[in-house]
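Student: Take this structure first; my questions come after.
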Amino acid sequence: MSRTASPTAQDFVPFATAALDFHQALNIPCGPLVTTRAELDALHAHLVSLYGLLDAHAGRTGQLVANEGDQLRTARTRIWQAAEHLHAAYHAAPRPDSSEIPEPEACQAGLPEGAPELTICQRHQRTAHLVRRRTTPADLHAPFTGLVRR
């Protein structure tokens, strides 16, 4: 089994990275001073997709190269933690129509503000279910990433 993917299989990740770089270059210097809920939702979706990609890589790679698999699982956990923070930031951001800030508990209901505004909560809850199956509470709350600077 080859450890390297075909060139066409690796073409999309650099495009996603370039799109984020392009978005930052165009929108951050002249955009709004406060991150919008729509952008937080899009960034959350991006991290959840990245979580899925790292999960797939960790599962396959860990069977062949244990140390690399461990590092990928750690990266997957850190991406989930970043998604948790984005989800919290979304709820801390004011609503675009009223500037009202929803209660954090409202997310537990699934769609407290109605579709499509809170598809972020549905996405977050679906991914959280997967995270709970793949990660221990100790992994999620560990302050140390396991990486050692050499």
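Laboratory data are not the source of any read-out in this text; all were calculated from the coordinates shown. None of these values were measured; they are calculated from a predicted model. For neighbour counting, all protein chains shown are included, and Cβ atoms are generated from backbone atoms with ideal geometry for every residue, glycine included.
Student: Which length gain, in nm to one decimal place, applies between ASP70 and THR17 when the Cα-Cα distance is subtracted from 0.36 nm times their residue separation?
Tutor: 16.7 nm
Student: While we're on this one: Determine the sum of side-chain charges near LEU140: Lys and Arg each +1, Asp and Glu each -1, restricted to other residues whose C-beta is under 15 angstrom from that of LEU140. Don't jump to the answer; show the numbers that get you there.
Tutor: On the way: positive: ARG73, ARG76, ARG78, ARG132, ARG133, ARG134; negative: ASP55, GLU84, ASP139.
With Lys, Arg at +1 and Asp, Glu at -1, the net is +3.
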